[in-house]
Structures are given as structure tokens and as C-alpha cells.
1. Please report, for residue B:209, the nm distances (one decimal) from its label point, 7 Å out from Cα along the beta-carbon direction, to the equivalent points in the remaining copies, shortest first.
2. Scan chain A and report its longest stretch carrying no trypsin sites (Lys or Arg not before Pro) that are both in a DSSP loop and have at most 13 other Cβ atoms within 10 Å.
3. Work out which GluC sites (Glu not before Pro) in chain A are exposed loop sites (DSSP not H, G, I, E or B, at most 11 other Cβ within 10 Å) and give the longest gap free of them.
4. Could you work out [θ]222 nm for the protein assembly as shown from helices alone, using -39500 (n - 2.57) per DSSP H run of at least four and dividing by all its residues? Round to the nearest 500 deg cm²/dmol.
5. What Rg and what Dmax come out for segment B:1-107 when only alpha-carbon atoms are used, in angstroms?
6. List the distances, in nm and shortest first, from the label point of residue B:142 to the matching label points in every other copy, placing each point 7 Å from Cα along the Cα-to-Cβ direction.
7. In square nanometres, what is the average projected area of the Cα convex hull of the protein assembly as shown?
8. Once you put a point 7 Å from the Cα of residue A:204 and another 7 Å from the Cα of residue B:35, both along the Cβ direction, what distance in nm separates them?
There are 2 protein chains.
Amino acid sequence: MSLTARVEDYLESVLEIEMSGDIATVTQLAKNLGVTKATVTAALKRLDDSGLLEHERYGDVMLTAAGREKALAVYRRHEFLSDFFVRILGFTRERAQNVACVMEHEIDESTERRLAAFTDALALAERNGEAWLDELKGRMDSPHELPVPLCLMEDGSGGVIARITAQYELRKRLNAAGFAPGVDISDIRKTEGLPGGVFTFNMNGMGIRFGIAEASAVWLYQPERV
Amino acid sequence: MSLTARVEDYLESVLEIEMSGDIATVTQLAKNLGVTKATVTAALKRLDDSGLLEHERYGDVMLTAAGREKALAVYRRHEFLSDFFVRILGFTRERAQNVACVMEHEIDESTERRLAAFTDALALAERNGEAWLDELKGRMDSPHELPVPLCLMEDGSGGVIARITAQYELRKRLNAAGFAPGVDISDIRKTEGLPGGVFTFNMNGMGIRFGIAEASAVWLYQPERV
DNA sequence: CGCCTGTGTTTGGCTCGTCTAACTGTGGGA
DNA sequence: TCCCACAGTTAGACGAGCCAAACACAGGCG
């Protein structure tokens, strides 16, 4: 049942044209999707074969019920995601479009529901004027450094912990041991030993040893390079 | 310069194997990426041609400096996105992987920085025990309806406004006219007139007319179907 | 009625990513 | 030392998705 992403794009585009009150034409689709008419004809053939729309030579392009349902799901996700990226995360419209275009083919319904709950809750907070959201916006407008996992830092280097990407026990263990954003780490060394290497470094004056699992879960902001 | 997504996957996989302390082999890559060895050999050829790694017949697979840099960027985005989807949005690990896998090839650095600012701010709020976050989590754990744009509702139907997906002037206009989440709308009718149709409906006892632009920006929860 | 313009189709050709099946190299153990 | 198991490669094929160029059709206008 899983259609290719591209096929879903064609379906979505047909729906968009219908929504604007026109009947989809090959030329229009070609323009919207940025391909040649020949490519559209070929794609319509495949879509017709799989029963998602009807298209006879020189005839109109009409979605079937199945096709329309699929198209609506894709359209909904697209609008929804691009709205999320623009309004909540502050992406540019263009970038939001790109990301939404790709993601719309990948998320399932339950995921969509979760995401919807998230954005609707944030929108609510916005209307209620939660102070915390202002701080968030402020942060997002200033440039933000990109961290590197500890295991990829150069020998002898150090940095400040940015985040911990781990779940469950490992997360708890690191937490309990004092690893948290903002903490300083220095004098990282990689030596042989375990498969994946052994990483030693200094935190709060203590020497610590990591295996690869821990060392790839702790992300550091690198100090300013000179 | 823009590599295909798949090529970036190969690069990323090589880096992951290196990070775990091994040297990447064709067999290992085939397993990690879920393809046959023949496919890997072909991909390595393309990657070698574009100068991202070095690979001679029966030789080791070694990233070049350019390849390693590219691979790190992809890896960082991947880890970062999947962490975001799991920790912040509560996706399943598997779904988060899928989405991250696709998105990692699509976002650029400035977008990544924005997203990083967002998640880091949320993580901070979490540590500070912001009450508002608890409410958010609560909402996300209960099933959430999926809305439909007004322009796609059936004739005579109605519903409750879920959200407004519009920017700038249109958003302001709708806002000023009283369109907001929670408001009831009934007796939606579509008639011909403008290109795209004219939509009339009832809100707060008033009759309102929409063009297609407005009607596709207002999303409604459909009432329970019987 | 016939012609012209523009819409839609066909043809042939390309790349990427994938496969299966057959082949070739390599390195460790008997 | 030689041989075998397995790692890696090559050959040949396929579908999706794209293109350019040539062709076919349809509808409006003179």
C-alpha cells in the first residue's frame, strides 16, 4: 500500500488544483511540480494503474475516492507541518516548505495526532501570553552553537556540555553522575581498550572514563577556535 | 554540491562504524543499510568518484576530510532530530528514526541552529520544572483529533475551529473577525462564484462568506460521526 | 471548412538505486 | 603449501523518475 513519496506529491497537487476550483491539467501539474509534461503523463499512467485517479488519453484528471482520501491526508500533513515549522519553530517559509514536503510522506496518523496536540498546546500558550514562550522566542532569534559528540572531539580538547541524547538507564546514570548542560569538561583523551575505545576526561576536577556508548551520548559545545 | 540523500546515508554509516572503533567493510555497510553487497560496492564507487571517501578494489573504506565533515553534519542532525522527536514530541523510537532519517538530509545549518535553540530551551524548562510543560505532556498523551480545512467540509456540515494556518495580513484579518480555536461553525455551503468557489457558513449567529484563501486557512474538527 | 496554436502523448535515452547470479581475491588453518 | 570459506566485485537487469524532441490531437478563429 505504501506509495512512493513522489506519487503522493502528484496526488496532493491534483487536490490543490481542485481545491482552487480548477480541473487539474497536465500543464498545470508540470508547472506546480517543476517537471516536464512528459514526466507528468508518465506519472499519471502509474497513478491510473494503481487506481488512485482516472485519466484517459486527452481526458480530464479525476481523483478516485481512494486517491482523494490519500491526497487529503498528505495535504493535511503538509499544511500542518509547514505551519508548525513557520509558526512554532520560526523557519523561513521556504525552508518550512522543503522540510514539510519531505516529512509529509513519512509520518503516520498517530504521530500526526501527537504533533497536532503539541502545536495546538503551544498556540494556546501563545494566546494566554505565557511568559516562558517569550524567553523561548528570544533564544531562537540569537544564533545557537552546534555541539559535537564527545567521542568525536580532538585529543586534549574540552568544552561545555550541550545536551545528553540518551534514554532510559543510560540517561539516568549520566544524570546521577552529574552530567548536565552547562557543565565543563576538559582534557579529553581517547585510548584503545574496549571496542570503540576508551575516553578519559576531566569534569569538576575528577577523572572520568567513558565507553563509546556514553561518549556518543554527551554532546559538547566546542570552545571558540582561535 | 548537493549530494543525494542516499549517498549521505552511506557516508553517515561509515562514520558510525568508525565511531564504534571498527573499519567500515562492505558487508557491515550492507547490513546497516539493509542492501546487498553489490549495491554497496556500486555506491562506494560513486562516493569515491566524488572525492568523499577512498576505496580501492578490496581495500579499506576511508573517509576523506570532506567526506568526514559531511558525515558528521548528517550524523549530528540525525541524532539531534531523533532525540527531539523522542524526548520532546514523544514519538516512538522507531518512528523518530524514520522521520529523522528523512529530515536529516533536508535541513540546513541555520535551521538546525534554530531547532537546537528550541530543544535546548525546552530541556531547560524541563529541568526547571515548568508547570506548563506538564500540561503539554498531558495533552500529548490523550488522542487528538485531526482537523480538515473548511473548504473540504461537506455541504451543510459544521465543526469547531482547530487552528488557523495563515501568516501576516490574512492571519490578522481572520483574528480580528473573531476566528479562533474553539469557535463553532455550522451550515457550511459551497457555491460557484469566484474562482475556487464561495463558502458561506454561520458563526455566532452571523452569516459569513469566504473565498478559497480564507476557507483553506481555517481548520475544523469534524463533529462525531454516527 | 480547414488551419494554427497550444495541450497532451510517445519515443528514446539518461541516472540512481536496487537486485540476483556468477565470478574473483584473500587470508587462515590443516 | 595449498585450499576453502567468505569478503568483495562484476555483469546484467529492472523500475522510478526525469528529460528533450518529435509527434498527435482538439478547439477556436478566420
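1. Those label-point separations list as 8.0 nm.
2. Numbers: sites that count: A:57, A:225.
Value returned for the longest uninterrupted segment is A:58-224.
3. Details: sites that count: A:56, A:154, A:192, A:224.
Result, exposed sites excluded: A:57-153.
4. Values: 18 runs with 218 residues, N = 452.
My calculation for the protein assembly as shown gives -15000 deg cm²/dmol from helical runs alone.
5. Considering segment B:1-107 through its Cα atoms, Rg and Dmax are 14.0, 45 Å.
6. The answer, with the shortest distance listed first, is 3.8 nm.
7. Details: hull surface 103.9 nm².
The orientation-averaged projected area of the Cα hull of the protein assembly as shown comes to 26.0 nm².
8. 4.7 nm
Quick note: the coordinates plus some simple rules give every number you see, no bench work behind them. Not measured: the values here are computed from a predicted model. Virtual Cβ from ideal backbone geometry, glycine too; neighbours counted across all protein chains shown.
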